[in-house]
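Notes for the one structure printed next.
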Amino acid sequence: EDADPAAATSEDPQGIVYDSSGTKLVTFTISDANCSEVKTETITISTTPSADFTTTAPTCTEETVTFTNTGTTGDSYAWNFGDGNTSASQNPTNAYTTAGNKVVKLVTTITTIITCKDSSVQAITINQKPNSTFSFTGGTLCGNVGVDFDYIGGTTGDTWSYSWDFGKSANPPSSTSEDPQGVLYDSSGTHTVTFTISDANCSESSTQSITISPTPTASFTSTTPACTEDSVDFTNTGTTGANWAYNWTTFGSGASSASSTSQNPTDIIYSTEGIKSVTLVIVDTGGNCSDTSTQTININFRPNVSFITSSIPVCAGAPINFTNSGTSGDSWSYNWDFGKDAITNSSTAESPKGIKYANGGSKTITFTISDNNCTKTFIDSTTVTIDTLPNANAGIDTIICANRSVPIGSGSIPSYSYSWYPTKTLDNSAISNPIASPEANITVYYVLVTDTATSCMNTDSVTVTMLSPLLADAGEDIEICFGDSVQIGSALIEGQTYSWSPILGLNVSTSPNPMVSPETTTTYTVTVNGAKCDVINDEVVIVVHPLPDADAGSDVTIARGSSTQLIATGGVMYGWSPGDGLNNISIFDPVATPDSTTSYIVMVTDVYDCVNTDTVIITVVAPTVWTPSAFTPNGDGQNDVFYARGEKSGIINFKFRIFNKWGDVVFYSEDIDIGWDGYKIVTREELPEGAYIYNVQGEKSTGESVNISGVVNLIR
């Protein structure tokens, strides 16, 4: 069993393979056509091992490869790793020092009755592991100074990748270059640099520590831009401390100091303008690490300031010309302050002209020249001297009365000469205080005063006003009515004052033309005063007429629709208001027919045109029955029908009759809303004009009887 093949017919069968070990029964039969013989024997088959294994390859040189037997557990093992190394371990390891394809063979042996072996051969790949050795710039390394890194491991080629980690504060922090250069460190101290080289299969890293010494930061500020002659200060804004030295190697051309070792040099003055290059070097005291800052500063030109003037001294009020004798040009601005008493106090002209002073004395002149950058001021208090003008005093303006004289001017001053104009009305035009006798209403006198010591002149003037003779005009006599006001007097004359008496009835007793309202006839006197003039008076008589005695008559009461005659007295002209219900408003005795109670006012005018009023009240009451006094049945739609109207409470058993002059009834109605139209009731005969009698009968709602008759005029 388990034999392959399981049977054979050859005389000497070869290569029979058994799949399993153990005792096997072999039967051999030989026969011909007649006879046969069978022979049986037992054989023993020893166990044959199965050799097989796995590995951790592919891997890199210098890395350990682990081999694991995955075949039969044998009695012994023989490994050949293909690099000259062998092993008898069941699961050995091996590290390869060279790269390439390696043939690995395992022979597994089992010994029972006989020795049986099996072998397994596999090819594995060992990749080259790179060398990550590197170096960097030697000597003292300073912060912010480039450090160069060089790969010296020798593993080169396009298949390799490089990765650098430069550690903290590095700029850049990493790189993929083979030999990165100029790496900067922002901070001092020890920094760990890791370099890794790799391809698709293998990688190698190495680490080194580098020490960065502190590097200063050089920077500075200055008080520029400045001007020549300015004091410029420089301030270190970089690294400070006792371990650092400061070397200002140059301040540029024209500087008062060429260099300095002060940390913050001050008072550097430039004698020339332009762009200046300034360099500061900060270095540690060991001289290892340093930093340099070079900046340019701008020094602007400061102008020269001076001036000259036209001939001085001059008199106050005389013009002086100022001329700039310093820096000149369109780019500069000029500012002058001419000092106390200058009539034009300042100017922006380069060379101002015609500057005058109101008073004498030494003047302090301040002259400034500037542009957008630099300014310089020159102050001179000794150059300009002004002679004081003589005191010219013509006196104060004065008012005199007609044909009077008045002294003008003031006291004489030694060394002064005087000249007055006009001279005609002066007693002496060459003295300080002449007598003026003007002829015109207004005369202006001018005096020219000359200081003989300086030849300076001054003038003054005085106005003498000569008033006309005083005029008192109380106005014309006037007649007024009682209670009226009237204006008296005349227009105001300048220079005159007024006083009225008596003051009773006056609104303002000091006005030239007051309003007066006396209660009785009064004579008013005005007294007029003027400067140095005699007092004069005038009178006016105000005649006061009493108001007329207006009488509108006694109050009356009439029935609605009735009339009454008003009679007014007391004057020569009359006017009534309101005009409603009156037949004439301009007569003294109009007939009044008001529809309702009315107050009539009469305005009575007398022969003096004085006016007074009075009032009469006509009370209108409603009758039981009322009718018009006439009607006109002519078909014009107005007053065509004669109605008898009753009071609001109404009349019952109403009967309305119209009689002609013979007593015949020509119209009859029992309906208060039906009136007579001027025709006979039955025959409809048109009745002639004339007077007709009406009669109304009935009873009030109160039971009182009504029986009223009257006359109506029919008018055609």
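The values are calculated or read from the model by the stated rules, or taken from the named source; none is laboratory data. Just so we're clear, the structure is a prediction, and the values are computed from it rather than from any experiment. Cβ sites come from the backbone with ideal geometry, for glycine too, and all protein chains shown count toward neighbours. The area values use the complete protein model at the heavy-atom level, side chains included, leaving out ligands, DNA and RNA. Shrake-Rupley method; radii C 1.70, N 1.55, O 1.52, S 1.80 Å.
For the reader, a short list of remarks on this structure follows.
- Summarising the amide proton neighbourhood of residue 75: residues at separation of 5 or more, or on other chains, whose placed amide H is nearer than 5 Å comprise 109, 110, 111.
- Evaluated on region 615-716, the Kirkwood hydrodynamic radius is 14.5 Å, with distances taken between all distinct Cα atoms.
- Cβ-Cβ distance of residue 591 and residue 634, R₀ of 35 Å, FRET efficiency by 1/(1 + (r/R0)^6): the value works out to about 0.90.
- Out-of-range pairs (alpha-carbon distance over 32 Å; input 356/424; 363/424; 129/168; 340/376; 661/700): 356/424; 363/424
- Sites residue 402 and residue 520 - FRET efficiency at Förster radius 51 Å, r taken between beta-carbons, to 0.05: 0.85
- At R0 = 22 Å, FRET efficiency that the Cβ-Cβ distance of residue 18 and residue 91 yields, to 0.05: 0.15
- Per-residue Karplus couplings for region 191-198, computed as 6.51 cos²θ - 1.76 cosθ + 1.60 with θ equal to phi - 60°, are listed in order as 10, 9, 10, 10, 10, 10, 10, 7 Hz, Gly and Pro entered as x.
- For residue 302, the residues whose modelled amide H falls within less than 5 Å of its own, excluding neighbours fewer than 5 places apart on the same chain, are 228.
- When the Cα gyration tensor is reduced to axis lengths a ≥ b ≥ c, the ratio a/c is 1.5 or higher for the chain, and with a/b not above b/c it is classed as oblate.
- Toward the positive end of the charge dipole of the chain, with +1 on the Cβ of Lys and Arg and -1 on the Cβ of Asp and Glu, the farthest Cα among 537, 612, 457 is that of 457.
- Taking the accessible area of the chain, probe 1.4 Å, and keeping the other protein chains in place, the carbon and sulfur fraction comes to 48%.
- For residue 362, solvent-accessible area (1.4 Å; no DNA, RNA or ligand), Å²: 90 Å²
- Solvent exposure of the chain, expressed per residue, is 54 Å² of accessible area, with all protein chains present and a 1.4 angstrom probe.
- Seen from all directions on average, region 275-338 presents a Cα convex hull projection of 8.2 nm².
- Dipole magnitude for the chain: about 1520 debye, using +1 per Lys or Arg Cβ and -1 per Asp or Glu Cβ, origin at the Cα centre.
- Antiparallel DSSP beta bridges within region 1-137, percent to nearest 5: 95 percent
- Share antiparallel - DSSP beta bridges, the chain, percent rounded to 5: 90 percent
- The equivalent ellipsoid that matches the C-alpha gyration tensor of region 407-466 spans semi-axes of 22, 10, 8 angstrom, in descending order.
- Couplings for region 200-216, taken from phi via the Karplus curve 6.51 cos²θ - 1.76 cosθ + 1.60 with θ = phi - 60°, read 5, 10, 10, 8, 9, 10, 9, 10, 9, 9, 10, 10, 9, 7, x, 10, x Hz in order; Gly and Pro are left as x.
- Close amide H pairs (under 5 Å, H built 1.01 Å from N) link residue 384 with 363, residues at least 5 positions away or on another chain.
- Region 341-442: relative contact order in percent, alpha carbon pairs under 8 Å with at least 6 residues between: 18 percent
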